[in-house]
Amino acid sequence: MTETPIASGPGMVHFATSLSPHRSLSPAAFKWVIRGAIAANLAIGVPMLVLGAWPVMGFMGLDIWLLWWLFKRSYLDARRSETLVLTDSELLVDRVAPDGEREEHRLDAYWLRLEITEERLVAISKGNRLVLGRFLAPEERLALAERLKAALADMRAPQFRHDWD
């Protein structure tokens with residue numbers, strides 16, 4: 001998560017952040033995991049082949065393919081993202097799906113409130129409900145909720161400049 005506070009004149013941005021899923025395994029490490037799995041399967045499969053249990057090798061190839069496919073699917077899911085921007089008038093949520101499809105949601109900031117549970121962070125405004133950060137870990141979701149609540153509180157308690165200050 002990256003947060004960018006921006007302050008400038010009317011329509012001021014009170015909160016801006018970009019969210020994306022965390023993936024701890026780099027592509028280079030992924031290659032090493034696949035190589036290790038292939039080596040382990042060969043260490044088990046070759047003796048089985050020698051002993052006459054040749055179907056074992058086919059199943060071992062199948063588990064390598066399944067492992068590769070699951071990791072590729074995980075990397076594809078990691079392409080999703082959400083951008084949240086809270087201004088004086090609205091909360092703008094811009095979502096990008098793994099396939100590149102974009103969707104944009106706008107919630108009225110005046111009526112905005114947050115419902116927070118361990119499983120979900122829901123932004124509610126004028127009867128519209130929007131789940132935020134579905135892919136975040138519970139701790140990250142709670143931290144986001146606290147920062148967003150603080151930004152809402154700052155937005156709703158404006159400070160005015162007077163000539164006598």
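Quick notes on this structure:
Yes or no, residue by residue, for (1) modelled with pLDDT of 90 or more; (2) exposed (fewer than 13 other Cβ atoms within 10 Å of the Cβ); (3) assigned to a loop (DSSP other than H, G, I, E, B):
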{"residue": "Gly58", "(1), (2), (3)": "no, yes, no"}
{"residue": "Trp69", "(1), (2), (3)": "yes, yes, no"}
{"residue": "Arg79", "(1), (2), (3)": "no, no, yes"}
{"residue": "Val93", "(1), (2), (3)": "yes, no, no"}
{"residue": "Glu104", "(1), (2), (3)": "yes, yes, no"}
{"residue": "Val122", "(1), (2), (3)": "yes, no, no"}
{"residue": "Arg141", "(1), (2), (3)": "yes, no, no"}
{"residue": "Phe160", "(1), (2), (3)": "no, yes, yes"}
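- The condition of being among the aromatic types (Phe, Trp, Tyr) and touching a residue at least 40 places away in the same chain (Cβ under 8 Å) holds for only one of Phe160, Phe135, that being Phe135.
- From the options Leu70, Leu84, Leu92, residue that is free of Cβ contacts under 8 Å to residues at least 24 places away in the same chain, closer than 14 Å to His14 by Cβ and under 20 Å from the mean Cα position of the chain (by Cα): Leu92
- A Cβ distance below 8 Å, combined with a sequence gap of six or more or placement on separate chains, defines the contacts here; from segment 33-60, residues that are closer than 22 Å to Phe71 by Cα reach residues that are not in a helix (DSSP H, G or I) in the pairs Val33/Leu25.
The values are calculated or read from the model by the stated rules, or taken from the named source; none is laboratory data. Keep in mind the model is a prediction, meaning the values are calculated, not measured. Here the Cβ is made from the backbone with ideal geometry for all residues, glycine too, and neighbour counts use every protein chain on show.
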